[in-house]
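The values are calculated or read from the model by the stated rules, or taken from the named source; none is laboratory data. Quantities reported herein were computed from a predicted structural model and do not represent experimental measurements. Heads up, the Cβs are rebuilt from the backbone with ideal geometry, glycines too, and the neighbour counts pull from every protein chain shown.
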Amino acid sequence: MDNFLLYVLISAITIASPGPGVILTLSNTIRYNFMTAFSGILGIAIGMVMVSLISVTSLGILLATSATAFTIMKFIGAIYLIYLGIKLWRTSTLAFDLNKQGSEQSLLKHFVEGLTITLINPKPIFFFMSLFPQFIDLSKNYTLQFMYLTLTFCGLIIIIHTFYALFAHIARQWLSSSKGRKNMNRASGSAFILFGLGLGYTHR
């Protein structure tokens, strides 16, 4: 696999960018506790494994039989990353209630909540289909590379969301700031645009 470090960086930016999963982690941490948030994080990670399996159902055959399809997917991926970056730049804030209180609920329920919020979102399927072709060497075992990329992505979910949970516990006042959310969106958006431009010039 070529450019693995680039894959890790793009995946990390994707995971860290504000979205339903991040909001769930922040909310669970603030409303309940770290263990409750971590059960939701595991649900998100397992859900992403399932999403990646769905996205790759016919992708392996397509990539193995058509160099043209591979190139098309590469440029679709670059365009999609740039689109996400522009969208984040145009989104000034993300609404979530940091002060809302709730009763303790079972860890299993929050695990299912994290799993569900991932599976009902169709965007990660297209994201994986756009991203994976950039980093798979067709001359090597496709299945092993796919598993490696997927497990790396899910490991990053656990690590990054855990940091979010710890950060939410420590910095509640900053998270409630509109300026703080705006700066986070712009930083993530800029990274998406840069990586999208970079992917357009990469080669297999």
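Mind listing just one residue for me: the one in region 120-137 that is among the aliphatic types (A, V, I, L, M) and at pLDDT below 80 and, of those, surrounded by the most Cβ atoms within 10 Å (Cβ to Cβ)?
Taking region 120-137 as the starting set, the residues that turn out to be among the aliphatic types (A, V, I, L, M) are 120, 125, 129, 131, 136.
Then keep just the ones that are at pLDDT below 80; that gives 120, 125, 129.
Values: Ile120: 9, Ile125: 16, Met129: 21.
Out of the qualifying residues, it is Met129.
Every condition in (1) under 22 Å from Ala12 (Cα atoms); (2) modelled with pLDDT of 80 or more holds for Lys140 except the one numbered (1).
Going through region 1-36 one residue at a time, which ones are assigned to a loop (DSSP other than H, G, I, E, B) and not charged (D, E, K, R)?
Of the residues in region 1-36, the ones assigned to a loop (DSSP other than H, G, I, E, B) are 1-3, 17-19, 32-33.
Correct list: Met1, Asn3, Ser17, Pro18, Gly19, Tyr32, Asn33.
If you go through region 164-177 and keep only what is modelled with pLDDT of 65 or more, part of a helix (DSSP H, G or I) and of a type outside the set (Val, Ile, Thr), you end up with Tyr164, Ala165, Leu166, Phe167, Ala168, His169.
Of the set (1) in contact with a Gly (Cβ under 9 Å, 6 or more places away or on another chain); (2) hydroxyl-bearing (Ser, Thr, Tyr); (3) modelled with pLDDT of 75 or more, all apply to Thr152 but (1).
Might you check whether a residue that is of a type in the set (Val, Ile, Thr) and modelled with pLDDT of 75 or more occurs anywhere in region 92-108? Checked region 92-108: no residue is of a type in the set (Val, Ile, Thr) and modelled with pLDDT of 75 or more. Hey, does region 47-68 have a residue that's at pLDDT 85 or above and small (Gly, Ala, Ser)? Scanning region 47-68, I find at least one residue that is at pLDDT 85 or above and small (Gly, Ala, Ser), so the answer is yes.
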